[in-house]
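To start, the structure itself, in structure tokens.
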Amino acid sequence: MVALTVRRSPRSLTRSVRLWWLGKRRPQPWKAVLTPVVASIRLRSTRLEIGHHRVFNVGSDQLPRLLIALRDDAVEHSVGETRYRMPAQQIADRLDLLGIGPAEAEAAFDAKLTQSLSAGGKDREVSDLDILYPDPLWEETEKRWRHFEDHARQELILLNLDLPKWISLVRAAAKREAHRGLMVGIAPDRIEWLVGLLRDLDCLIAFRLLLLAFPREEVTLRIPNDLLSQPLTNATTAVSDSLRAFQAAGSKYSPTVVLTEGSTDVAILRAALQVLYPHMSDLIKFMDFRSPAKPEGGASALVRMVKAFSSAGVSNRVVALFDNDTAAEHELRSLNQRDVADNIAIRRYPTLDLGREYPTVDPPGSRMSAGGMLRTTDVNGVACSIEMYVGRDVLTGDDGNLLPVELKGFDGRLGRYQGEVTNKRAIQRNFQRKAEAAIARGGPLPDEDWAELDRIIRIIIDAHHGQ
């Protein structure tokens, strides 16, 4: 160091020291001493990781809110910390059902982007980003030895930025910096700056945006045990405790209530939810037809229930699911959508591909045939109750043919018959066996047909997006 002082000018010496502090010369003794210190500081923070990337430093005030995106059964205990691990897609599904979907996240991102541009760069100071994982030693060093904001590049990126471009930039930066984690730089093309654009957003919105960038990674929340405080002392119920607290504070976090035409719909959809989306089971509640009140079934009763919920001002998100048949169409004509509350979504079972050419038995005296004749016709809008969505494997009889639909009463107003699939009891029993076996093994088999029920569950999940 003395020789360096004698041989170089003060300006050159300053540059040398600066480079040394920035790690360009990798002084191994210095790193060996400070690495354990930095590691101990990091372990004192609650961290959110996506894949191998450190993303958020979670404050104690935000932890209960962030926990509602997870599940109690995702907890893992180890010496010094409590971890929650879940696939990113499952967390995204939960956030979607809580009303924090891609559309809502994009709207918040666009608003934040507009705010950042109008603020003239004030919101883009990386040095005080509370949501980022802080490394105090390096952060202070960067402040002293580098003018780390290239404002021209930042403005150029921001002026041309939208959510798809931000996702692409984040993914590209993550690939470049994967060997060092997210928190490695402050240039506009680095993760720190890109994630820093999410500063001041709701933590769940920011979380959802990052899940759009990393949809297939595993998410880990690491909480030092000594930071667990009331009411989160019991880590095994911390998620459900947090969810109940937020549900009590506002209906936004209350389960989505699903109304159907009957108890069979509930039994089949509840089983499908448990097989296909078990991580969503605590966020969707179905009308209980087995309760002492014994709610009335049928399309007309469902219309009356929708009107009653609207009049009562029920604040939960509600999805009213009608059959894809003649009776539902007839009753829905008496329901004026303008009289339905905004939190109640009216949906019908989707068009059934299998039903486009389905074996059908005409009633005696049918206007279409002599009656009793088996023919192939499109039963969508005529006879597609929940039993028609349980899968071709369940709808196929012992003879290898699809169980036919039988047409019955004629609706003069609509000019078509009402129909229903035959052998409903057998279909329900066969589906119950299929569902129980799938639940026992932890999921469906590759050759099982769950596609149509999956579509219905997705209709429930997406019913309130954009509202």
Multiply the residue gap between Arg304 and Arg375 by 0.36 nm, knock off their C-alpha separation, and tell me the result in nm, one decimal place. 22.0 nm
Sort 195-207, 437-449 by the packing proxy (mean of other Cβ within 10 Å over each peptide's residues), most packed first. 195-207, 437-449
Grab the beta carbon distance between Arg176 and Asn234, set R0 = 51 Å, and tell me the FRET efficiency rounded to 0.05. 0.80
For region 356-467, dividing by residue count, accessible area per residue (probe 1.4 Å) in Å² works out to 52 Å²
Between Leu158 and Ser78, what length comes free when the chain is fully extended (0.36 nm per residue of separation minus the Cα-Cα distance, one decimal in nm)? 24.6 nm
If I stretch the segment between Ala440 and Arg458 completely, what's the gain in nm (0.36 nm per residue apart, minus their alpha carbon distance), one decimal? 4.2 nm
For Asp282 and Asp339, what does the FRET efficiency come to when R0 = 41 Å and r is the distance between their Cβ atoms, rounded to the nearest 0.05? 0.85
In nm, to one decimal, how far is the Ser60 label point from the Lys408 one, both placed 7 Å along Cα→Cβ? 6.3 nm
Could you list, in their original order, any pairs among Lys285/Lys307; Lys307/Lys434; Lys112/Lys165; Lys112/Lys285; Lys252/Lys285 whose Cα atoms are separated by more than 26 Å? Lys307/Lys434; Lys112/Lys285
Evaluated at 10 °C with a viscosity of 1.306 mPa s, what Stokes-Einstein diffusion coefficient in µm²/s does region 255-462 have when Rh comes from the Kirkwood expression over alpha-carbon pairs? 88 µm²/s
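The values are calculated or read from the model by the stated rules, or taken from the named source; none is laboratory data. From a predicted model like this one, the values you see are computed outputs, not experimental measurements. When we count neighbours, we look across all protein chains shown, and the Cβ atoms used for this are built from the backbone with ideal geometry, even at glycine. Calculation scope for accessible area: heavy atoms of the full protein, side chains included, ligands and nucleic acids excluded. Shrake-Rupley method; radii C 1.70, N 1.55, O 1.52, S 1.80 Å.
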